[in-house]
Amino acid sequence: MAFLLGMFVDKPEFITVLNDKQVEAGANVILRCEVNTTQVTVTWKKNGQKLNCLEGKHKIRLIQKLCCLEIQRVEDVDEGSYTVEVSNKLGSVSCSATVTVVINKWRTITRNSAEMVRSLRSYQVCDRVTELRFLLHGPIGAGKSSVINTIKTIFENRPFVNCLAGESGESVTLYYEKFTVGSERSGLLPFAFYDVMGLEEGQTRGAHTDDIIKALKGHIPNNYRFQDYPITEDHRHYNATPTLNDRIHCLVSVLPADKISLMENAVIEKMKCIRRAATELGIPQMIFMTRVDSVCKMTKDDVSKVYQSKKIKEKMQECSNRLGVPMNCVFPVETYHEQNQLNEHINCLILDALTQIVFWANDYAEKCSRN
Ligand SMILES: Nc1nc2c(ncn2[C@@H]2O[C@H](COP(=O)(O)OP(=O)(O)O)[C@@H](O)[C@H]2O)c(=O)[nH]1
Ligand SMILES: [Mg+2]
């Protein structure tokens, strides 16, 4: 405190700071914080620039020690980072918060994770197959291994890292390895995942399109090591007469939300080629859009808001358009990539997507067993 111009003045400090706000378009929002003194000058900034205060849009007030900025009838252009700078002769402090425009929750998950786990554990698969098989394909770093680890984590109720997930730019999935869900101890579920080597540009890097199509048909043996050339029928373990049980019952394309815009057309074409083969075989197809936390801060902070995020919806639309899969077959997910604690909302997103692929894979198996 200092004695200035005949009065005591405190160096400005925040008692409370601004909070991030999520607001529906058309509503008003108030950003507020409290300072320790009334002897201050307050400046508001938006995205680092002095706020262009518009009549009928912004209302700036200093009520005692409370600094407020009201934004009326919020629109997309009002989104951004807002900073309040509070100063006097003794110093200045600032704090920031973001305003995000949200959309009406356009999809809901009605059950909690325990209910979904219970119904998946007791799910009866078509009696012509011992398990439903899912093939995950997509570019390197899309999060395929992480999706499998997350599903295993949920059913094991502990972090699971058996399916190697990595940072490297090269594919780390060399083998056609089967990942089961559950364990002998906790009970095995009749679901199996296969994660194929990352699809890279060109035919010679990553898994061959031919190999993936052969995997769909059930020709590729478990633990096959992908080669620089596609598998041939004279390979010792080539399954020349696959049964319905050996086939893939649902193809899951894994696309990273933060990289979908940058994905080379060549990789997308490779994925579409596999999709066409799946379509010809009648195999249902879905998209898991991963890494949702890396495109939307609101979702990163609270993944339960995923279906209120414009950004996520835009990215889902982009995945849908680029691969030609309808929106209702696109599922946004976050995986356990850094967390050690299980999170109900992460679990719900993945379990909701898993439930859908289980239903569709089983429909496919039922249909094939009738023919
Ligand atoms: N931020 C974020 N990172 C993720 C997520 N899922 C996976 N990752 C990271 O993305 C990288 C690639 O994941 P990985 O599962 O190895 O991808 P794969 O090559 O498709 O098997 C790893 O560093 C993961 O930790 C996610 O939901 N959010
Ligand atoms: Mg992998």
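Where a number appears in this text, it was derived from the coordinates with a stated rule and is not lab data. Since the model is a prediction, treat every value here as computed from it, not as a measurement. Note that each Cβ is placed from the backbone with ideal geometry, even for glycine, and that neighbours are counted across all protein chains shown.
Net charge near Leu349, counting Lys/Arg +1 and Asp/Glu -1 over other residues with Cβ under 13 Å of its Cβ?
Details: positive: Arg107, Arg111, Arg291, Lys305; negative: Asp293, Asp302, Glu334, Glu344, Asp352.
Around Leu349, the charge tally is -1.
What are the equivalent ellipsoid semi-axes of the stretch 207-359, built from the alpha-carbon gyration tensor (square roots of five times its eigenvalues), in whole angstrom, biggest first? Kindly include the intermediate steps, with their values, before the conclusion.
Details: eigenvalues 198, 57, 43 Å².
That gives 31, 17, 15 Å for the three semi-axes.
What ranking of Tyr224, Tyr238 emerges when the number of other C-beta atoms within 10 Å of each C-beta is taken as an exposure proxy, fewest first?
Details: Tyr224 20, Tyr238 15.
Fewest-to-most Cβ neighbours within 10 Å comes out as Tyr238, Tyr224.
With 10 angstrom as the radius, rank Thr43, Thr153, Thr38 by how many other C-beta atoms surround their C-beta, starting from the fewest.
Working: Thr43 16, Thr153 22, Thr38 13.
With the sparsest Cβ surroundings first, the list reads Thr38, Thr43, Thr153.
Stretched out fully, how many nm does the piece from Tyr175 to Asn371 gain, at 0.36 nm a residue minus the Cα gap?
Between Tyr175 and Asn371, full extension yields 67.3 nm more.
According to a simple spin-label model (label point 7 Å from Cα along Cα-to-Cβ), what is the distance in nm between Ala27 and Thr241?
It is 6.4 nm.
Please list, short to long, the whole-number percent of alpha-carbon pairs of the stretch 96-162 in consecutive 5 angstrom bins beginning at zero.
3, 11, 12, 16, 18, 17, 12, 6, 2, 1, 1, 0
With labels modelled as points extended 7 Å from the Cα through the Cβ direction, what inter-label distance (nm, one decimal) is found for Glu344 paired with Asp10?
Rounded to a tenth, the inter-label distance reads 3.8 nm.
Which one of Ile283, Val117, Asn239 is farthest out on the positive end of the charge dipole of the chain, using unit charges on Cβ (Lys, Arg +1; Asp, Glu -1) and the Cα centre as origin?
Val117
Among the GluC sites (Glu not before Pro) within the stretch 28-116, which fall in a DSSP loop and have no more than 14 other Cβ atoms within 10 Å of their own Cβ?
On the way: sites: Glu34, Glu55, Glu70, Glu75, Glu79, Glu85, Glu115; in loops: Glu55, Glu75, Glu79.
Here the GluC sites (Glu not before Pro) that fit, given the DSSP loop and packing criteria, are Glu55, Glu75.
Could you pull out the GluC sites (Glu not before Pro) across the stretch 304-357 that fall in loop regions by DSSP (anything but H, G, I, E, B) with no more than 13 other Cβ atoms inside 10 Å? Walk me through the numbers on the way to the answer.
On the way: sites: Glu314, Glu318, Glu334, Glu338, Glu344; in loops: Glu334, Glu338.
Here the GluC sites (Glu not before Pro) that fit, given the DSSP loop and packing criteria, are Glu338.
For every helix of n ≥ 4 consecutive DSSP H residues, a contribution of -39,500 (n - 2.57) applies; sum these over the chain, divide by its total residues, and give [θ] at 222 nm rounded to the nearest 500 deg cm²/dmol. Mind showing how you got there, number by number?
On the way: 7 runs with 94 residues, N = 371.
Using -39500 (n - 2.57) per qualifying helix, the result is -8000 deg cm²/dmol.
Please go through the residue pairs Lys144/Lys214; Lys11/Lys305; Lys65/Lys310; Lys259/Lys300 and name each one whose alpha carbons sit more than 27 Å apart in this structure.
Details: Lys144/Lys214 19 Å; Lys11/Lys305 39 Å; Lys65/Lys310 35 Å; Lys259/Lys300 16 Å.
As for pairs spanning more than 27 Å Cα to Cα, those are Lys11/Lys305; Lys65/Lys310.
Nothing charged except the Cβ atoms of Lys and Arg (+1) and of Asp and Glu (-1): what's the magnitude of the dipole of the chain about its Cα centre? Round to the nearest 20 debye. Write down the numbers at each step before the final one.
Working: 46 positive and 44 negative charges, 141 e Å.
Around 680 debye, computed over the chain.
Is there a quick way to get the dipole size of the stretch 10-102? I mean about its Cα centre, with the Cβ of Lys and Arg at +1 and of Asp and Glu at -1; what is the value in debye to the nearest 20? Walk me through the numbers before you get to the answer.
Values: 12 positive and 12 negative charges, 73 e Å.
Using Cβ point charges on Lys, Arg, Asp and Glu, the stretch 10-102 gives about 340 debye.
Give me the number: length gained by fully extending Arg276 to Ser119, i.e. 0.36 nm times residue separation minus the C-alpha to C-alpha distance, one decimal in nm. Don't skip to the end; give the middle numbers.
Working: separation 157, 0.36 × 157 = 56.52 nm, distance 3.18 nm.
Length gained, Arg276 through Ser119: 53.3 nm.
Take every Cα-Cα pair in the chain and report what % of them are more than 28 Å apart. Write out the running numbers ahead of the final one.
Values: 36786 of 68635 pairs.
In whole percent, the long-distance tail amounts to 54.
Fewest first, what order do Arg133, Arg236 take by the number of other Cβ atoms within 10 Å? Write down the numbers at each step before the final one.
Values: Arg133 23, Arg236 5.
With the fewest neighbours first, Arg133, Arg236 line up as Arg236, Arg133.
Please list, in chain and number order, the residues 5+ apart from Leu188 or on another chain whose amide H is under 5 Å from its amide H, with Hs placed from the backbone.
Ser183
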